[in-house]
1. If I model a spin label at S860 and A596 as a point 7 Å from the Cα along the Cα→Cβ vector, what separation in nanometres do I get?
2. Could you grab the relative contact order for the stretch 166-253? Cα pairs under 8 Å, six or more apart, rounded to a whole percent.
3. How much of S875 can a 1.4 Å solvent probe reach, expressed as accessible area in Å² and rounded to 10?
4. So, in nm, how far is label R303 from label D743 when the simple model puts each one 7 Å beyond its Cα toward the Cβ?
5. Measure up K320/K343; K390/K558; K185/K343; K140/K800 against 24 Å on the Cα-Cα distance and list the ones that go over.
6. What is the extension gain from F869 to N359, computed as 0.36 nm multiplied by their sequence separation minus the C-alpha to C-alpha distance, in nm to one decimal?
7. Using a 1.4 angstrom probe on the protein heavy atoms only, line up F836, F873 by accessible area, largest first.
8. For F458, list long-range residues whose amide hydrogen, built 1.01 Å from N in the peptide plane, is under 5 Å from its own amide hydrogen.
Amino acid sequence: MATNPLVSGDLSLQKGPTGNNKSLSLKNPPTDSDQQHWLFESRGTYGIGNAYHDKNDRETGTKLAKFLDKPWKPLTRKTQVPPSVLSPYRFLVAIRLVVQFLFLSWRLQNPNFEAMWLWAISISCEIWFAFSWLLDQLPKLNPINRATDLVALKDKFESKSAENPSGRSDLPGIDVFISTADPDKEPPLVTANTILSILAVEWPIEKVSVYISDDGGAILTFEAMAEAVDFGHLWVPFCRKHNIEPRNPESYFTQKIDHTKNKKRADFVKDHRWMKREYDEFKVRINGLPDVIRKRCERYNHREMKEKKNDSSGLGEAAKATWMADGTHWPGTWFTPTTDHKKGDHAGIIQLMSRVPENDPVMGKDNEGKLDFTGVDIRLPMFVYVSREKRPGYDHQKKAGAMNALVRSSAILSNGPFILNLDCDHYIYNTMAIREGMCFMLDRGGDRVCYIQFPQRFEGIDPSDRYANHNTVFFDGNMRALDGLQGPVYVGTGCMFRRYALYGFSPPRAIEYRGIVGQKKKPAATLSPGRSLQAVRDQDHDLDTSKEEHPDLSLPKKFGNSNMFVDSIAVAEYQGRPLADHVSVKNGRPAGALLAPRPPLDALTVAEAITVISCWYEENTEWGDRIGWIYGSVTEDVVTGYRMHNRGWRSVYCITKRDAFRGTAPINMTDRLHQVLRWATGSVEIFFSKNNAFLASSRLKFLQRIAYINVGMYPFTSIFLVAYLFLPALCMLTGQFIVPNIDATFLTYLLIMTITLALISLLEVKWSGIALEEWWRNEQFWAIGGSSAHLGAVIQGLLKVIAGIEISFTLTSKSAAEDDDDIYADLYVVKWSSLFVMPLTICITNIVALIMGTARTLFSVIPQWNKLFGGTFFSFWVLAHMYPFMKGLMGRRGKVTTILYVWAGLLSITVSLLWITISPPDDLGKI
C-alpha cells in the first residue's frame, strides 16, 4: 500500500479521550473553509496535513461528520512581548541598576565637606529613590498580552451537541454588583444609565442577575431604579434589535458620530428618533423625582396630621415621614431624620425591581406603530434593590460591608458562581466584555483564577489630561506586567470574581514558592474543593488547619447561621468549574450540567435574604476578616485581592480591543489630590497592618510580593521627594552644591543614568502602548501628588499608628464653576486645600532661589558659574514637573486667587530673610 510521506496515521486512529477527533488539536487548529469538504469529497492527497486515502479507493468507513468534527480549542491564549523589545528592556534595566550602584558608591566615597548637610540630604534621598525604583521596576520584567476566542466559547457552551441537543446555553450565571451611597453625590441619572447598560449585556438573560446596594437607604435612588427598569423594557430590546453600542443611553445619544453607519434595518432611523424622545422624557422624570417625592410627602403628611388632630386619643403630632408611591412609609432614610429612619439607623430592604426572567426567549411584537420588536427577545435580567440594615452601635464597614451584604443576599437569591463588581458611574461600554472575561474563567486551568481585572477607562477628561486622570502608565504598564506574574491587583471596580474564591478557600492545585527568590516550586498541601466544602458543612474541627504557616491558609468555617447560604457554597463552586471536555482539564464539570432552569423565588427564600443583610449577621463570623471583602482599610479592594493571591490564587488582566467599561474621574486638581490622598492613606494602613507583604505566605510569588511591598511603601517616598525638590533652591541660596565639584565623573554618571532611564521609558511605551505625553503627565503628577497627597497620607498614617489621632484634609474654601456650558469648567475651579501648601512652597522657593542665586553669581567677585548652572538646571527640572500644579492654581485665563498672592508674599519674605541669615553680606562685594 502506498502512503503519503507528508501524513502520519489514519483518520480512524486520530481520536481523543472522548472518542472525538481531538488529540492533535494544538498542532493542527481547525479551519472553517470549504477546502475540508473538497478534500473529503475529492479524496485529495496533496498538501501538508491531508488525511491518508488508499490509492485503491477502498472505503475506510469514515463519514464526513467525523472528518469535519472540530478538535478541542482553548478559549484563551497568552502571547509574550516581542523579544526585540523585551530583551533590550531587561538589559537596560540591568545596566541602569549597575550604574546606579556605582554612582551611589562614588557619591558615598566623595562627600562635600564644605556642605555636608546638603550632601547628607541628597545621598539619603538618592539611596531611597534607587530602592523605590527597584521595587517599581522588578515586577515589570515579564509583561504579557492575552487574547480570547469568543467563537470557541460559543461552540463549547451554546452550540448543539450530544450533551446539549437543544443548543441551550450551558454558560454559568453571573451576578452584577453596583454600589451607591448618596444620591446627592452620585446622581441617580448616572446610576440609572449604568443599570441600563448592564440590563442589555450580551449574556444569557436568564443567567444574569443585577444587584444595586443603596447604602444610604434613599427613596430617590429606589424610585430612580424603578424608572430605569420601566425604561429598560424599551431600551434593552431596541439595543438588541439594532445591535447598539454602547448601551448606556446617555453615552450613546451624546456621541458625535453617524448613528446610521453599519445599520441595515430600514426602520432604524424611525426607531432611533422615537427612542431619543423616550429617553429625553425619561431624563425629565428622573431629574424631577426629588420634587415629585417631596410634594407627595407633603401631601401625605398633611393628611396624616389632620387625621391625628381628629383622633380623640391625642397621640400628639406625627413625625414627618417619607412616603412611597403606594401610600406607605418608606422603610429607609427619611428626609426628616427620625429613629429607625435615618442614616445609620434603618431597616433592611430587598425589592425585586424586575421579575425572574423566563427560561425560554419571549419574543416581542409590533407595538402599534411605535417600535416593532418582532423576533426580538424582550426579557430583562433579574434586578434587585438592596439596602442593608443599619443600627446604632454597629460598625457597618462602609463599602466593604455593603459588598459583603450583596454577596450573601445574592447567594440566596441567584447564587451566580461569578460576580462582576462595578461602581455606579462605571457602565458597560463593550457588551461582549463579560464573555471575554469569562473565557479566562472557563478555560483550562481557569478554576485557579480568582478574579479578572479589566482596565479602567474614563470619559470627560480634559484633552491634555493635565492631572494624569487616565492613569495609563499604571493600567497599561504596571498591570500588564503583573499579569505575567501572579496577576494584577484588584482596583475596586471593573472586576469579575469567582464567588468561591471570595469565600476564603484556597485554590485547587496551589503552588508554594521556596528559596530566597522563590525559585523552588512544589505543590502545596491543600484540601480539594469537595473536602473543604464538606468540612464547612459539617463544621469539622478534626481538620485542624490552624497549624498552617500563615493564617490566610486556614480553612474558613464561620459563615454565619444561615444554612441556606452555607448550602449555596458547594453549588457556586461546582457551577464555576471549567468544562471537562479535554483530558488536561482538571476539576471540571460535564457538558450540559447547567441547562436546568433556575428555580422560582418564594417568600421563604426572600425572607432568608433579608436575614443575611441584617446588621447582626456578621457577629462571631469571619466576614471581613478572611471571607468576602476585607475590612480595616480605606483601600479594601487592594487588601481583598492581596488575600486571594496570598492563598495561592492567580488573577488575569483582560484588555479588550473595545474598552470593556468606562467611567468618570475628577478633573479638578483639588478633587484629584483628595482622591490620591485616599489611595495613599490606604497604602500606609496596609504597611502598618498584618496585610503587609513582608508577612505574606510562601504561595505568593517573589516578584508579586515585591509588587505588594511597593503598594505599601510608595507613599513614604514623598518624605525624600519633598526634601529633594527643595535641594536645588537650597543650593542656589547657599552657593553650594551636592557634590564637591561638577566634574566629568559626576556628569558622566548623570548622563548614563539619564540616557538609560529615557531608553527604558521608551521601551515601556513600546510594549505597553501608551503615548509619550501620557508618560510625561504621569511623571509630572508623580511629583505633584508625591509632595502633597502622599505626604499627607504618611502624616495621617503615622499620627494614627503612633498617637491614635485621626485627621482629615478638608476643603477650606470653594468657588463655583464659571461656565456651566463648558464640560471642562470644573478643571478651572480653584478649591483651596491644605494639600496645596507644600507644592506651593516648593514652587515659590525655587523661583525665589533662582532669582537670588543668579544675582549672587552675577555680582560676585569670583562667580562660580558651574554651581549656578547645576542649581539652575535642577530648579527648572523641579518647576517643569510642577507646571500643571501652577497652571491649575491660575484658574481660567490666568486668574489667581487672593490666597495665592498672600502665600507667595509670605514665602518670598521668609526665603529672603532665611537667605540673609544664612549668608549675610560681607566686604567681598557679595549680596
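The values are calculated or read from the model by the stated rules, or taken from the named source; none is laboratory data. Everything numeric in this text was worked out from a predicted model, so none of it was measured. Positions of Cβ are generated from backbone atoms using ideal geometry, with glycine treated the same way; all protein chains shown enter the neighbour counts. What goes into the accessible areas is simple: the full protein's heavy atoms, side chains included, and nothing from ligands, DNA or RNA. Shrake-Rupley method; radii C 1.70, N 1.55, O 1.52, S 1.80 Å.
1. Using points 7 Å along Cα→Cβ, the separation is 8.7 nm.
2. Values: 90 pairs, mean separation 34.3, N = 88.
Here the relative contact order equals 39 percent.
3. S875 exposes around 0 Å² with every protein chain in place.
4. Taking the two extended label points, one gets 9.4 nm.
5. Values: K320/K343 16 Å; K390/K558 22 Å; K185/K343 15 Å; K140/K800 33 Å.
From K320/K343; K390/K558; K185/K343; K140/K800, over 24 Å: K140/K800.
6. Numbers: separation 510, 0.36 × 510 = 183.60 nm, distance 7.59 nm.
Result: 176.0 nm gained on full extension.
7. Numbers: F836 0, F873 125 Å².
Result, largest first: F873, F836.
8. Correct list: G663.
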